[in-house]
1. Which shape class, rounded, prolate or oblate, goes with segment 146-195 when its Cα gyration tensor gives a ≥ b ≥ c as root eigenvalues, a/c under 1.5 marks rounded, and past that a/b bigger than b/c marks prolate?
2. Could you work out how far apart the two model spin labels at Gln133 and Arg79 are, taking each label as a point 7 Å from the Cα in the direction of the beta carbon, and quote it in nm?
3. How far apart, in nm, are two points set 7 Å out from the Cα along the Cα-to-Cβ line at Leu126 and at Val142?
4. Could you list log10 I(q)/I(0) for segment 95-195 at q = 0.21, 0.22 Å⁻¹, which the Debye formula gives when each Cα is one point scatterer?
5. Cβ under 12 Å from Ala125's Cβ, Ala125 left aside: what net charge do those residues give with Lys, Arg +1 and Asp, Glu -1?
6. Please work out the FRET efficiency for the pair Ala176 and Ala95, using the Cβ-Cβ distance as r and a Förster radius of 22 Å; give the result to the nearest 0.05.
7. With a sphere of radius 13 Å drawn around the Cβ of Val191, what net charge do the other residues whose Cβ falls strictly inside it have (Lys, Arg +1; Asp, Glu -1)?
Amino acid sequence: MPVPARRLPSWAWVTGLTAGAIAAVVVLTAQAENGPHPTASAAKRPNASASASAKPQASPKPSASPQAAGVPAKSGAGRRVVYSLGQHRVWLVDADDTARRSFTVWPGTVNPAVGSYTVSLRKDALKGSDGVQIEHVMYFSVASGVNIAFSNAVDGSSPPPAAAGAQTGGIRMAKADGTALWAFGETGTKVRVVE
């Protein structure tokens, strides 16, 4: 003779549904933390192959893969940060000359000269010259009286278009790339700027 099914009390249903909803929120939050942000417009992300004189092209997502683009020739040797003016791209290169990470960036209106530098000063966070709160600020050069530094916006947004005539030396990147660069580049880390 079959055993009759037991009915769960209503509080058990509510508890189960609540637990399921909380789990769904946790999963969605994790995806939102790692996924695209509405303020980081993909249309404003420069294409990895854009030249310094060309307008930035749309790119769906910045590349965090060293295979996306090889480390430029004549970019030095050893552990270093390589920044390509023409490609709007940064490489984090280990001591054995292997690219650990590569990603595209938004350059400021003032570029550093091609050459070798070192990270001279690091600031956890401050307000950028464009009024945006930035973090992971790593200064390495001065050009035309403008400080040149890597950084990312605290809120993960892309930089707004530069005001007419404004000179900015910030080289902005996605938040995850800024965090990786901050962990990689201590004060004194070599920075090599190439064409």
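1. It is oblate, given that a/c is not under 1.5 and a/b is not larger than b/c.
2. Modelled inter-label distance: 3.2 nm.
3. Between Leu126 and Val142, the simple spin-label model gives 1.3 nm.
4. The Debye formula, applied to the Cα set alone, gives -1.15, -1.27.
5. 0
6. Computed FRET efficiency for Ala176 and Ala95: 0.40.
7. In short, +4.
Readers should treat all values here as calculations from the given coordinates under stated rules, not as data from a laboratory. All values derive from a computational prediction rather than experimental measurement. Backbone-built Cβ (ideal geometry, glycine too); neighbour counts: all protein chains shown.
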